[in-house]
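S.K.: Please read through the structure below; I'll follow up with questions.
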Amino acid sequence: MGSNPVEDLIEASSRVHLSGFHLNGLESRNSEVEQPTTSATDHLHKQPFVIGVAGGAASGKTTVCDMIIEQLHDQRVVLVNQDSFYHNLTPEELTRVHEYNFDHPDAFDTEQLLCAMEKLKHGQAVDIPKYDFKSYKSNIFPTRRVNPSDVIILEGILIFHDPRVRDLMKMKIFVDTALNISADADVRLARRIRRDTGEKGRDIGMVLDQYSKFVKPAFDDFILPTKKYADIIIPRGGDNHVAIDLIVQHIRTKLGQHDLCKIYPNFFVIQSTFQIRGMHTLIRDAQTTKHDFVFYADRLIRLVVEHGLGHLPFTEKQVITPTESVYTGVDFCKRLCGVSVIRSGESMENALRACCKGIKIGKILIHREGDNGQQVWMPQFLSFTLPHPPSLWSCVLPGVFYIWFLHCECSIILPITVQLIYEKLPQDISDRHVLLLDPILGTGNSAVQAISLILKKGVPESNIIFLNLISAPQGVHVVCKSFPRIKIVTSEIEIGLNKDFRVIPGMGEFGDRYFGTDDD
Ligand SMILES: Nc1ncnc2c1ncn2[C@@H]1O[C@H](COP(=O)(O)OP(=O)(O)O)[C@@H](O)[C@H]1O
Ligand SMILES: Nc1ccn([C@@H]2O[C@H](COP(=O)(O)O)[C@@H](O)[C@H]2O)c(=O)n1
Ligand SMILES: [Mg+2]
C-alpha cells in the first residue's frame, strides 16, 4: 500500500480502511456506534485545512473569520480562538488583575492549544474551554465540544507567535484595519473602547490604562513582528469583501472535491447548502419526530431525484415563446422507470412520481444477513479460487448472492449474504433508463444485488442511475468497482460502517423511522 495513488485515495476517502473489518481496534470496541474519534481511524483521517488569522485586538479577526465560515457553508468548518487558551489567573493575580498582561505570549497556554490541535488533526473531537472576559476565568462555563472538520480556523492576536502553531497552518491571514499604521491603531482603540465598555462591562479609564500599559506595547513588540509570516494581509478587515471572496475561493480549490468523486467520475454528491445541512441535521437527530423526519427526508429525496434526472440524456428542442422569440432548450428523456428496493426505497417513489408524470415503478425485495451484525462466513475453499488483486470480488451462487472484500494479502474479510426474495419489474425495462431507489448505501450488498438483477433483465449498465440519501464509502467502492458505468447520486457521504455494518453517523433504520414502525 502507499505506492499506488488510487489505492491511497481509496483508503483516504473511506476513512475506514477496507481491511478495517479485521482491524483489532475495530473488532474489540463494544460501543453501539463507532465514533470517528477513536484510534482506529487515527492514521486514516483526512488532514484538515488549517487557517491562521492574526491581527491586533479589535482589528476585525473574528468578523473576518465569521465571513469566511459563512461563505464556506458547504464545508465542515470550525473556529478555534486563542482566547480559549488563556491561563487561569492565580488568586493573587486576580487581586491585581490590572497589572496582568493579557497581550503577552506567556498569557496563553500554548501547550494545551497544540494538544487540542493534535487531536483534531487526527480526527478526534476535543473539549475546548470557554473563556469569560468578565471573571478572567476559563473554567466557569461548560467546555465547547469541537468535532474534527475539513477546515479549522485558528484565530488570535498571537496565533503566529509560536513556530509550532504556525507550522500547523496551510494559510496565514493577518487582519489590518487601515494601511496607515497610526490610523490602524486609532481604529482598533476606538473599537476596543466601544467593545470593552459594552460587552465586557469595563470602565473606560481601565480600558485606556490597559491599552497604554500592555496592549499597545505588546502589539508593537509581539503582534506586528508576526505580520511577516502572513500569506495574505487583509486591509479594512471585514469590509474587504474582495479579499474574503478570494480567500474562500482558494480554500475551496485546496479542499477540492471529495476524494470518492475523484476516484469515481460517475459518483455525484449534490451541492450542499445550509438548507441541506439543516435538513440532514434534523433527519439524523434521534429525537426528531416521525412527522418531521418524513417531512425533511421528503425534501432531501426530492432534491436527489431532481439531481438524478439531470443525468438523463436529452435532445435539443426549440420552442416559440409568447413574445414570439425562439428559445433553444432540451426535451426530457421519456423512456424511464423507477425501481425501489423494498421497503425504504418506497419512500422515494412519491418524489419520483412528482417529477415524472405516470412513471412506471418496479420493486425488488432483498433479504440481508449482516444488517443485524450477524456475520456469515464464506466457505473457505472458495477463497483459493480468487486471484489477487483486484481488491473486491463478488459472485452469485444458486439463490444466494455473496460479496466479500479482499485486501492485499488477506483472502476473505467480509462475506455477507443477501438474497433476492421478490421482484416485479416493467416488462420493457430493458428499453428504459432505470432510476434505482434506496435511501441508504451501506455495505453495497443490496445495491449490487438489485443492480445485478436489473442488468440480467437486459438494461445496459450505463442506463442505471442509483439514487440515495446517504452513501458509506465502503458501499460506493463496492458498487462503483462492480459496475463502473452506473451513476450514483447522493446527498451526503458518511464516515463509514460500524462493526455491525451500520452506517455512521447514519440516521438509523430509515424504513422504520419513515413508515412509523419504530418502537416510539
Ligand atoms: N469593518 C468594521 N467596521 C466597523 N466595525 C467593525 C468592523 N469589523 C469589526 N468591527 C467591530 O469591531 C469590534 C472588534 O471586531 P472583532 O471582529 O471582534 O475583532 P477582533 O476579533 O480582532 O478583536 C466588534 O465590535 C466589531 O463589531
Ligand atoms: N481577561 C482578558 C483577556 C484578554 N483581554 C484582551 O483581549 C484582547 C484579545 O482579544 P481579541 O478578540 O481582541 O483578539 C487582548 O488585547 C487582551 O488585552 C482582556 O482584556 N481581558
Ligand atoms: Mg475576536
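The values are calculated or read from the model by the stated rules, or taken from the named source; none is laboratory data. This one's a predicted model, so the numbers in the text were calculated from it and none came from an experiment. Counting neighbours? That spans all protein chains shown, and the Cβs are built from the backbone with ideal geometry, glycine included. Each accessible area value is taken on the protein alone, full model and side chains, heavy atoms only, with ligands, DNA and RNA left out. Shrake-Rupley method; radii C 1.70, N 1.55, O 1.52, S 1.80 Å.
S.K.: Can you order the peptides 302-308, 65-71 by their average number of other Cβ atoms within 10 Å per residue, highest first?
M.R.: 302-308, 65-71
S.K.: Something else: Looking at segment 262-334, which chymotrypsin sites (Phe, Trp or Tyr not before Pro) are in a loop (DSSP not H, G, I, E or B) and have at most 15 other Cβ atoms within 10 Å?
M.R.: Of the chymotrypsin sites (Phe, Trp or Tyr not before Pro), the ones in loops of segment 262-334 whose Cβ has at most 15 other Cβ atoms within 10 Å are Phe314, Phe332.
S.K.: Can you list the residues, at least 5 places off or on another chain, whose amide H is less than 5 Å from the amide H of Leu336, using H built in the peptide plane?
M.R.: For Leu336, the qualifying residues are His433.
S.K.: Amide H of Asp109 versus every other amide H placed in the peptide plane: which residues, excluding those fewer than 5 positions away on the same chain, fall under 5 Å?
M.R.: Counting only residues 5 or more places away or on other chains, the set is Tyr86, His87.
S.K.: Set the Förster radius R0 to 22 Å, insert the Cβ-Cβ distance between Val330 and Asp428 as r into 1/(1 + (r/R0)^6), and round the FRET efficiency to 0.05.
M.R.: So the FRET efficiency works out to roughly 0.40.
S.K.: Roughly what would the spin-label model give for Lys200 and Glu461, points 7 Å off Cα along C-beta, in nm?
M.R.: With each label placed 7 Å out from Cα toward Cβ, I get 6.4 nm.
S.K.: Follow-up question, since we're still on this one. Largest first, how would Asp245, Asp103, Asp186 line up by accessible area (1.4 Å probe)?
M.R.: Final ranking, largest accessible area leading: Asp186, Asp245, Asp103.
S.K.: Can you tell me, using C-alpha contacts under 8 Å and at least 6 residues apart, the relative contact order of segment 237-333 as a whole percent?
M.R.: After rounding, I find 14 percent.
S.K.: Using the alpha-carbon centroid of each, what span in Å lies between segment 308-349 and segment 497-519?
M.R.: 32 Å
S.K.: If you take the beta carbon distance between His258 and Glu99 as r and set R0 to 41 Å, what does 1/(1 + (r/R0)^6) give as a FRET efficiency, to the nearest 0.05?
M.R.: Efficiency, from the Cβ-Cβ distance: 0.20.
S.K.: Still on this structure, I have one more. At R0 = 51 Å, how high is the FRET efficiency between Phe133 and Thr517 if r is their beta carbon distance? Nearest 0.05 is fine.
M.R.: Working from the Cβ atoms, E equals 0.50.
S.K.: If you don't mind, there's one more thing I want to ask. Percent of accessible area on segment 229-371 owned by carbon and sulfur, 1.4 Å probe?
M.R.: Here it works out to 54 percent.
S.K.: Rounded to the nearest 20 Debye, what is the dipole magnitude of segment 58-196 about its Cα centre when Lys and Arg each give +1 and Asp and Glu each give -1 at the C-beta?
M.R.: Rounded to the nearest 20 debye, it is 300 debye.
S.K.: What number comes out for the charge environment of Asp184, summing +1 per Lys or Arg and -1 per Asp or Glu over other residues with Cβ under 14 Å away?
M.R.: +3
S.K.: Can you give me the distance in nm between label points at Leu208 and Ser182, each placed 7 Å from the Cα along the Cα-to-Cβ direction?
M.R.: In this crude spin-label approximation the distance works out to 1.9 nm.
S.K.: Something else: Averaging over every viewing direction, what projected area does the convex hull of the Cα atoms of segment 213-338 cover, in nm²?
M.R.: 17.3 nm²
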